[in-house]
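First the structure, in the form of structure tokens, and then the observations on it.
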């Protein structure tokens, strides 16, 4: 049985897949609003303009999957980035894969957000659909609307006849 | 002394100024991710493309101002919308003004978000800088980067020699 190790989410580890969204990852930080507000500026780019796309804001409300979580498929958005930001400081899991071919089991990486961190999946990066740890787990989403096919899905191969899983204590 | 009444934030009341961001204001709602996720789809548009602008994600961390809050100035962004979403379900205050001229006191409206609601200020809508009710109050911001001047600020006139204020029990 292949069980994916879960890594802590850091900007460096996640760099091949996109950007970590947190106050630690701002390109610049400064005071605004008569000194009452700190702007953590330009944390993540929204890259959705290909083929007439436009950025939109949505909310995803997730439900946990049974443990161990079975990683049977991945998806990607060839026309745009997609950002996920937890709306209640809740932790969540992230599974991504490097490369543009159908992911091989050894391409997969799993990360745990500490709840202060969101992520932007870069355009065309394979990722698993939302994996939450709590009931009614809300996330703000910034992604793309517009013409064209912006979703590819792929089934993952079995490893020694078994599904890849994600588990934790 | 002119004290602004504080209204509950509703999509209808806020329509002249922009959009309310909540699960109630999605243009469409449907299940995704093998039925594990509800997508509250296309809640708010991000309108930042004028003059070569691009969307970016930032975080604002606000500090409360002394009560009663003095509403002495307003600002607007002539080249792009600006969205504010509370990251810990916290309530916050919003002051906006109708029209494109320097706001008159009677043009001002104040709203209270219930904490599940964010707002998008439409392009060129006068609004007061962030007004928070708690220490270290974090908001996700989706606004514009790019060339051009995207900030106008204006001082508000006194009313009978006094500053306009915002107060509550």
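For every residue, the table says whether it meets (1) at pLDDT 95 or above; (2) away from chain A (no Cβ under 11 Å); (3) farther than 27 Å from residue B:78 by Cα.
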residue: B:11; (1), (2), (3): yes, yes, no
residue: B:14; (1), (2), (3): yes, yes, no
residue: B:21; (1), (2), (3): yes, no, no
residue: B:24; (1), (2), (3): yes, no, yes
residue: B:28; (1), (2), (3): yes, no, yes
residue: B:31; (1), (2), (3): yes, no, yes
residue: B:38; (1), (2), (3): yes, no, yes
residue: B:42; (1), (2), (3): yes, no, no
residue: B:52; (1), (2), (3): yes, yes, no
(Q) Condition first: buried (at least 20 other Cβ atoms within 10 Å of the Cβ) and free of Cβ contacts under 8 Å to residues at least 60 places away in the same chain. Now tell me which residues in the stretch B:128-156 satisfy that. (A) B:128
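Find the residue count for the stretch B:1-24, including only residues that are within 15 Å of the chain's Cα centre (by Cα) and surrounded by 13 or more Cβ atoms within 10 Å (Cβ to Cβ).
Here the count works out to 14.
Looking only at the stretch A:55-64, count how many residues are at the interface with chain B (Cβ under 7 Å from one of its Cβ atoms) and either touching a helix residue (DSSP H, G or I) at 6+ places or on another chain (Cβ under 9 Å) or surrounded by fewer than 19 Cβ atoms within 10 Å (Cβ to Cβ) (or both).
Here the count works out to 3.
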Q) Out of (1) over 17 Å from the mean Cα position of the chain (by Cα); (2) surrounded by fewer than 16 Cβ atoms within 10 Å (Cβ to Cβ); (3) over 21 Å from residue B:80 (Cβ atoms), what's the single condition that is false for residue A:27? A) (3)
Q.
For the structure I just gave you, tell me whether residue B:86 is within 13 Å of chain A (Cβ to nearest Cβ) and crowded, with 22+ Cβ neighbours inside 10 Å.
A. yes
**Q.** Single match in B:163, B:159, B:154 (criterion: more than 10 Å from chain A (Cβ to nearest Cβ) and touching a helix residue (DSSP H, G or I) at 6+ places or on another chain (Cβ under 8 Å))
**A.** B:159
(Q) Go through (1) under 27 Å from residue B:84 (Cβ atoms); (2) buried (at least 17 other Cβ atoms within 10 Å of the Cβ); (3) more than 9 Å from every other protein chain (Cβ to nearest Cβ); (4) in contact with a helix residue (DSSP H, G or I) (Cβ under 6 Å, 6 or more places away or on another chain) for residue A:122 and report which single condition fails. (A) (4)
Q. Taking the stretch A:86-132 only, how many residues are out of contact with any strand residue (DSSP E or B) (no Cβ under 8 Å at 6 or more places or on another chain), modelled with pLDDT of 95 or more and under 23 Å from residue A:164 (Cα atoms)?
A. 0
Q) For the stretch A:38-56, how many residues are closer than 24 Å to residue B:44 by Cα and without any contact (Cβ under 8 Å) to a residue 40 or more places away in the chain? A) 6
Q.
Please go through (1) surrounded by fewer than 17 Cβ atoms within 10 Å (Cβ to Cβ); (2) on the phi < 0 side of the Ramachandran plot; (3) in contact with a helix residue (DSSP H, G or I) (Cβ under 7 Å, 6 or more places away or on another chain) for residue A:99 and return the number of the only condition it doesn't satisfy.
A. (2)
Q. For the stretch B:16-120, list the strands (runs of 3 or more DSSP E) that sit wholly inside it and hold at least 1 residues that are under 30 Å from residue A:154 (Cβ atoms); which are they?
A. B:28-32, B:37-45, B:54-62
Q. Going through the stretch A:65-77 one residue at a time, which ones are more than 7 Å from chain B (Cβ to nearest Cβ) and touching a residue at least 24 places away in the same chain (Cβ under 8 Å)?
A. A:67, A:68, A:69, A:70, A:71, A:72, A:73, A:74, A:75, A:76, A:77
Q: Return yes when residue B:103 is within 13 Å of the chain's Cα centre (by Cα) and farther than 20 Å from residue B:169 by Cα and no when it is not.
A: no
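The values are calculated or read from the model by the stated rules, or taken from the named source; none is laboratory data. As the structure is a prediction and not an experimental result, all values here were calculated from the model. With ideal geometry, Cβ positions are generated from the backbone for all residues, glycine too; neighbour counts draw on all protein chains shown.
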